[in-house]
Amino acid sequence: MKNFKSILIAIFAFSAIILSFTSCSPDTDIEFDETLLYGKWQENDTQNFEVYKEDGTGYTWDEADDVTEAEAQHFTWTLEGENLTHIHIMEMGANIPKVYTVTKLSATELAYEDDYGKIHTFSKIQ
């Protein structure tokens, strides 16, 4: 009987160890079609715009800040899984990365979350 208890305890301990390695983890295999990004987007209820080009470049401007499209901030971009990365190209040569988590991307809608938990939603206008 003592041997049976030892075996039973060992089985439970082994099972607990195995289950701890197979715990739930977030799905990191989310893929979005980057070709859906190509074009001009306007952030909903704002005058903020973003343009994504096929060559991995783009630019953004906010007309509420009296910035026109001709004065836009240029960036390069990549979309890997759900991670959208902008590398903003500053006038003095510095590059500033910004990483967003895409939550929705369709032919007409784009939504992503920034590092501060703010969700930005856009509609395609061109």
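Bear in mind that the values in this text are calculations on the coordinates, not laboratory data. Keep in mind that this is a model prediction, so the values were computed, not measured. Note: ideal-geometry Cβ built from the backbone for every residue, glycine included; neighbour counts use all protein chains shown.
Quick check: net charge around His88, other residues with Cβ under 12 Å of its Cβ, Lys/Arg +1 and Asp/Glu -1?
Value of the local net charge: -1.
Could you work out how far apart the two model spin labels at Lys118 and Ala72 are, taking each label as a point 7 Å from the Cα in the direction of the beta carbon, and quote it in nm?
2.0 nm
Pull out a ≥ b ≥ c, the square roots of the eigenvalues of the alpha-carbon gyration tensor of region 79-126, then state rounded if a/c is under 1.5, prolate if not and a/b is larger than b/c, and oblate in the remaining case.
Judged from the Cα gyration tensor, region 79-126 comes out prolate (a/c at least 1.5, a/b above b/c).
Just to check, using Stokes-Einstein with a Kirkwood Rh over alpha carbon pairs, what's the diffusion coefficient of region 29-71 at 20 °C and 1.002 mPa s in µm²/s?
Stokes-Einstein gives a translational diffusion coefficient of 186 µm²/s.
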